[in-house]
Each structure stands twice: as structure tokens, then as C-alpha cells.
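S.K.: I'd like to ask you about the structure that follows.
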Amino acid sequence: MTLTLRKVRNKNEYVIKDNGKIVTTLESREEAVDYFVKYREKSHKEAVDYIDKYREETENKVEETENKVEETENKKKKKL
């Protein structure tokens, strides 16, 4: 995520972009900065949530694999 806040040359406008795509254009610098901060916090929270979800799914898969390995080892021991 690349978030930028820029003043439009020769205009009283501020542009906020996310990965090069314009998110919004505001006339007040204070509004633009406030919006930028809120948007960044929201994006950060979404990223953290995604990472947590991915981590949880990965941990579940690891646990399932460990259980399968344990079951397989138990079956091999019973056969011997």
C-alpha cells in the first residue's frame, strides 16, 4: 500500500492517492490531512486483520497436518 497526499500545482486542492489511484480530492489542507490519517488507520487495521486471519488459518492447517502425521504413526505402530 502506497498512500500519498499531494497539493495540486497552482490550485487549492489536495489529492489523496492509494497505489496511484485517486481516493479523494479536498480543498482544505486540514481536511485532507485528517482524511489521510483516518484512511491510513483504516487501511492499517484491514491489513492487520488480514494477517491475523491468514496466521490463524495457517496454524489450523499445521495442526491438522500434525494430527494426520500422528494418526499415521499410530497406525504403523499397530501394524507392527
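S.K.: Given the protein chains as shown and a 1.4 Å probe, how many square angstrom of THR2 are accessible, to the nearest 10?
M.R.: Estimated to the nearest 10 Å², THR2 gives 80 Å².
S.K.: So with the 1.4 Å probe, I'd like the accessible area per residue for the chain, rounded to whole Å².
M.R.: On the way: 7420 Å² over 80 residues.
Here the per-residue accessible area is 93 Å².
S.K.: While we're looking at this one, here's another question. Ignoring any ligand, DNA or RNA, what whole percent of the accessible area of the chain comes from carbon and sulfur when the probe is 1.4 angstrom?
M.R.: 48
S.K.: If you don't mind, another one. What ranking, highest mean first, results for peptides 15-22, 49-56, 30-37 when packing means the other Cβ atoms within 10 Å averaged over each residue?
M.R.: Ranking, from highest mean packing down: 30-37, 15-22, 49-56.
S.K.: Of the listed values (1) 46, 33, 20; (2) 38, 29, 20; (3) 83, 19, 10, grab the one calculated as Cα extents along the principal axes in Å from the structure here.
M.R.: Entry (3).
S.K.: Would you calculate, for the chain, the mean residue ellipticity at 222 nm contributed by helices, counting each DSSP H stretch of 4 or more residues as -39,500 (n - 2.57) and dividing by all residues, to the nearest 500?
M.R.: Calculated mean residue ellipticity at 222 nm is -24000 deg cm²/dmol.
The values are calculated or read from the model by the stated rules, or taken from the named source; none is laboratory data. For clarity, every value in this text was computed on a predicted model and none was experimentally measured. Counting neighbours? That spans all protein chains shown, and the Cβs are built from the backbone with ideal geometry, glycine included. The area values use the complete protein model at the heavy-atom level, side chains included, leaving out ligands, DNA and RNA. Shrake-Rupley method; radii C 1.70, N 1.55, O 1.52, S 1.80 Å.
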